[in-house]
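S.K.: Okay, handing you the structure first.
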Amino acid sequence: MCALCCAKLRKESMKQRRNYCLTGIYMLLLSLSLLSIPGTAKAEIKLFTLNKDTSISLSGEITARNTYENWFEPALTSVNSSYDYFFTRSRLALALRNPYIGAFVQAQHVYMWNLPENSIAPPPQGALGFGATYYSHARSDTDHSLIIRQAYLDFPRLFVKGLSARIGRFDYADGQEVTYKKNPKVTWLKNARLSDRMIGAFDWSAYNRSFDGVQAVYDRKAFNLYTSVTHPTQGGYENNAQKTISSIDLGNITATIKYGELLKNTEVRAFYYYYNDHRNIPSILGESGLKEGNIRINTFGTHVLHTEAIKSGVFDMLFWGALQEGEWGAVDHGAWAAAIEGGFQFTNVPSKPWIRGGYFASSGDKDSHDGKHGTFYQMLPTARKYALYPFYNLMNNQDLFIQAIVKPTEAFTIRVDLHSLSLQNKNDLWYMGAGPTQSSGTIFGYIGRPSNNQKGLATVLDFSPSYTFNKYLSANLYYGHAFGRGVIKNIYQNSSNGDLFYVELKAQL
């Protein structure tokens with residue numbers, strides 16, 4: 001028996017050394033190849049020009065990430081809650097540009113190594129981390145996929161000035177309908193603190209998601225109108241991100257008053273989202289009637305973003321809020337969520353420290369048997385933007401946080417966040433996930449774990465340094481530690497503390 005155990009340990013040790021070796025070789029070659037690109041190269045390669053208005057270009061990117069997870073530890077010691085895994089994601093794209101018609105095609109290849117084979121415990125502990133979630137989709141310690149991630153036609157000039165359209169498979173991030181390249185502060189706030197709250201590409205995950213459908217934009221100097229009708233693809237933790245989830249219908253309309261145009265230093269946006277999920281997947285999100293029908297939700301909301309400069313720095317303030325009504329299976333659905341944040345960046349001192357804080361709250365379901373569903377539903381977000389250690393999301397959540405950002409050099413950024421997390425309603429569940437990943441089967445896309453009549457979830461410390469070597473290569477490091485409180489302690493009795501660490505290299509043409 002001992003000999004068999006020793007042989008197994010030797011096999012696992014050899015496997016780990018092999019994976020570490022592959023990781024090191026891949027990252028070294030990636031770094032050397034990108035650092036050797038001459039400084040006169042461009043961010044994309046123009047292959048040829050058909051005429052003065054028409055060109056075809058090539059672009060590409062590679063991401064390599066090694067992740068270590070030390071998940072909350074259950075009393076059951078036969079499962080593994082501590083492990084590491086590695087993936088590479090490569091993308092190659094061709095773009096046709098013309099004033100009247102454009103085309104874009106992007107292929108994506110993902111390869112994953114060393115997913116944990118014994119990290120799924122019986123309910124309510126479930127998958128012990130994100131590596132275990134990948135494994136629950138793949139059912140293998142290695143996984144790979146090759147897909148067409150984007151493929152669309154653009155029509156930049158339609159019947160009236162400012163009207164354009166896109167049809168095919170594309171990315172979409174709610175809140176990013178308008179961007180401001182010349183205002184990096186507003187760009188960061190929109191990207192990091194407003195976009196993807198409800199709809200996004202799930203782009204922290206290995207496989208991401210896309211959207212199949214059509215969009216139209218009417219863009220003028222002072223305002224922007226956007227609408228789209230789409231189906232999401234599979235993806236996120238699911239390797240078959242090629243497949244469309246045709247049983248989820250998504251529609252949206254947004255109107256944005258652009259920053260500084262009608263209101264000084266201010267952007268105002270209103271949005272409406274329609275979501276209809278009629279997949280035949282059993283509910284694991286409580287007992288409020290989901291087994292008996294569709295999820296049909298209308299979401300109405302707004303955000304306001306404002307900055308104000310003074311002699312010593314710049315204030316920033318934002319509000320985001322949403323109301324939901326509809327049907328959750330056989331019962332009515334009504335929910336809400338809101339966020340308010342503010343900060344100040346000192347612009348006349350070294351490292352230009354930026355201190356921010358805020359509070360987010362969303363409704364929970366107070367009674368699963370009262371014929372009403374009250375849990376705020378996040379639809380199809382990129383959850384990690386608001387949960388850097390994403391063992392939680394914005395459903396039945398309260399999040400009081402403070403963050404600091406410093407830039408010792410132009411290329412080096414350090415971000416530190418501290419979160420105090422609790423459930424909005426102790427009669428509801430502790431939720432995690434970023435939306436549907438499969439069109440059929442048994443995986444719903446969100447996980448709900450019991451609260452055991454507790455509200456305190458965790459205190460989380462995030463540390464996120466990043467370094468940009470040049471316009472082609474950057475490195476990101478993340479370490480997050482969760483100090484679990486009552487909800488987690490009742491489920492994971494051996495240890496209610498968790499850790500997430502990764503190092504990542506990103507390269508692009």
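The values are calculated or read from the model by the stated rules, or taken from the named source; none is laboratory data. The structure displayed is predicted, hence computed values, not measured ones. No Cβ is skipped: glycine too gets one built from the backbone with ideal geometry, and neighbour counts run over all protein chains shown. These accessible areas exclude ligands, DNA and RNA; they are computed on the full protein's heavy atoms, side chains included. Shrake-Rupley method; radii C 1.70, N 1.55, O 1.52, S 1.80 Å.
S.K.: On a 1.4 Å probe surface of the protein chains, which of Glu308, Glu341 comes out largest in accessible area, and what is the full order? Don't skip to the end; give the middle numbers.
M.R.: Details: Glu308 65, Glu341 10 Å².
Ranked from most to least accessible, the order is Glu308, Glu341.
S.K.: Turning to a different aspect of this structure: Please give me the summed charge of the neighbours of Thr254: other residues whose Cβ is under 11 Å from its Cβ, Lys and Arg +1, Asp and Glu -1.
M.R.: Summing Lys and Arg as +1 and Asp and Glu as -1 gives -1.
S.K.: Not counting ligands, DNA or RNA, and with a 1.4 Å probe, what is His231's accessible surface area in Å² rounded to the nearest 10?
M.R.: Result for His231: roughly 60 Å² accessible.
S.K.: Let me ask you something else. Charges only on Cβ, +1 for Lys and Arg, -1 for Asp and Glu: so what's the dipole of the range 178-315 about the Cα centre, in debye to the nearest 20?
M.R.: 680 debye
S.K.: Another one. Counting only protein chains, not ligands or nucleic acids, how are Thr254, Thr442, Thr142 ordered by accessible area (probe 1.4 Å), most first?
M.R.: Thr442, Thr142, Thr254
S.K.: Per residue, how much accessible area does the range 208-337 have with a 1.4 Å probe, in Å²?
M.R.: Per-residue accessible area for the range 208-337 comes out at 42 Å².
S.K.: Tell me, what is the 1.4 Å probe accessible area of Leu115, in Å² to the nearest 10?
M.R.: For Leu115, solvent-accessible area is about 0 Å².
S.K.: Excluding Ala64 itself, what net charge comes from residues whose Cβ is under 9 Å from its Cβ, given Lys and Arg +1 and Asp and Glu -1?
M.R.: Working: positive: Arg65, Arg89, Lys506; negative: Glu504.
Once positives and negatives cancel, what remains is +2.
S.K.: Among Ile56, Ala222, Ile295, whose Cα sits farthest toward the positive end of the charge dipole of the chain (+1 at Cβ of Lys/Arg, -1 at Cβ of Asp/Glu, about the Cα centre)?
M.R.: Most positive-ward Cα: Ile56.
S.K.: Toward the positive end of the charge dipole of the chain, about the Cα centre and with charges on Cβ (Lys, Arg +1; Asp, Glu -1), which of Thr256, Pro450, Ser312 goes farthest?
M.R.: Result: Ser312, furthest along the dipole toward the positive end.
S.K.: While we're on this one: State to the nearest 20 debye the size of the charge dipole of the chain about its Cα centre, where the only charges are +1 on K and R beta carbons and -1 on D and E beta carbons. Could the numbers behind the result be given before it?
M.R.: Working: 51 positive and 41 negative charges, 304 e Å.
The dipole magnitude comes to about 1460 debye.
S.K.: Keeping the other protein chains in place, figure out the carbon and sulfur percent of the accessible area of the range 185-298, with a 1.4 Å probe.
M.R.: Of all accessible area on the range 185-298, carbon and sulfur atoms account for 55 percent.
S.K.: If you don't mind, another one. Report, to the nearest whole %, how much of the accessible area of the range 64-112 belongs to carbon and sulfur atoms, 1.4 Å probe, protein only.
M.R.: The nonpolar share, carbon plus sulfur, comes to 61 percent.
S.K.: Per residue, how many Å² of accessible area does the range 387-509 show with a 1.4 Å probe?
M.R.: Numbers: 4520 Å² over 123 residues.
I get 37 Å² per residue for this part.
S.K.: Along Cα→Cβ, 7 Å out, is where each label goes; now give me the distance between the ones at Lys311 and Asn494 in nm to one decimal.
M.R.: Those two pseudo-labels are separated by 6.0 nm.
S.K.: Excluding residues on the same chain fewer than 8 positions from Lys372, give the aspartates and glutamates whose Cα lies under 15 Å from its Cα.
M.R.: Those aspartates and glutamates meeting the cut-off are Glu287, Glu292, Glu325, Glu327, Asp332, Asp428.
S.K.: In the set (1) 197, 63, 49; (2) 78, 56, 45; (3) 74, 58, 51, which value of Cα extents along the principal axes in Å was calculated from the structure you see?
M.R.: Comparing each candidate, only (3) matches the computed number.
S.K.: Work through the residues other than His137 whose Cβ is under 10 Å from its Cβ and net out their charges, Lys, Arg +1 and Asp, Glu -1. Working shown, then result.
M.R.: On the way: positive: Arg139; negative: Asp143, Glu238.
With Lys, Arg at +1 and Asp, Glu at -1, the net is -1.
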